[in-house]
Amino acid sequence: MCDVWRQSKKDLPASIWITALRQLESRLGYFYVGFTGGEILLKDDVFEVFEFCHKAQLPYTITTNGKLLTPFNIERLLELQPLNINISIDSLDSEVYKEIRGVSYIEEVKSNIEYLMTYIKANSLDTKVFFKTVVNNLNLTELPSIAIYAKEMGVSGIT
């Protein structure tokens with residue numbers, strides 16, 4: 001699992017990311033960017049970067065653990081039209097989830113997913129949602145349950 005939260009380094013400010021994205025755009029033309037690593041929604045000014053991508057018509061995706069996909073963040077993010085939102089789901093069982101992730105907030109994440117999927121459907125949005133599952137000896141037997149949950153929620157797939 002990512003341990004960027006243990007590092008004392010500071011994040012690059014949004015202005016540096018935006019400058020880099022502008023340079024890439026001028027050199028490459030069409031491309032898309034995926035924001036991952038640590039928990040992207042912890043970055044204080046991440047919505048400035050998402051807003052730049054939206055205004056520049058630069059397709060982007062995000063990967064999140066789902067904890068910070070609060071209704072406010074969901075609505076704000078979906079206004080900026082990411083291509084997809086990837087949510088790390090390694091277990092639906094709170095004990096296994098905690099053993100894998102080190103925290104026990106799967107129920108909160110599931111609540112956020114329900115709100116996200118309801119909001120996307122109610123507003124006929126094009127943003128796709130995918131689950132990202134790290135398969136290991138703790139969750140191997142849960143894969144069918146995760147797949148059923150993904151189908152019930154209407155997510156586009158699991159990677």
13 Å Cα-Cα reach of residue 132 towards aspartates and glutamates, excluding residues that sit fewer than 8 places from it in its own chain: 90
Accessible area of residue 115 in the full protein assembly, 1.4 Å probe (Å², nearest 10): 80
Mean residue ellipticity (222 nm) of the chain, computed from DSSP H runs ≥ 4 via -39,500 (n - 2.57), nearest 500: -13500 deg cm²/dmol
Candidate lysines for bridging to residue 43, where Cα separation is under 18 Å - those fewer than 8 sequence places away on the same chain excluded: 9, 10, 67
In Å², nearest 10: area of residue 39 left accessible to a 1.4 Å probe: 30
Distance between modelled label sites at residue 121 and residue 11, nm, 7 Å Cα→Cβ extension: 3.1
Accessible-area value, residue 135, 1.4 Å probe, nucleic acids and ligands omitted, Å²: 80
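Which whole-number percent gives the relative contact order of the chain, counting Cα pairs below 8 Å spaced six or more residues apart?
Relative contact order for the chain comes out at 19 percent.
The values are calculated or read from the model by the stated rules, or taken from the named source; none is laboratory data. Quantities reported herein were computed from a predicted structural model and do not represent experimental measurements. Here the Cβ is made from the backbone with ideal geometry for all residues, glycine too, and neighbour counts use every protein chain on show. All accessible areas refer to the heavy atoms of the entire protein, side chains included, with ligands and DNA or RNA removed. Shrake-Rupley method; radii C 1.70, N 1.55, O 1.52, S 1.80 Å.
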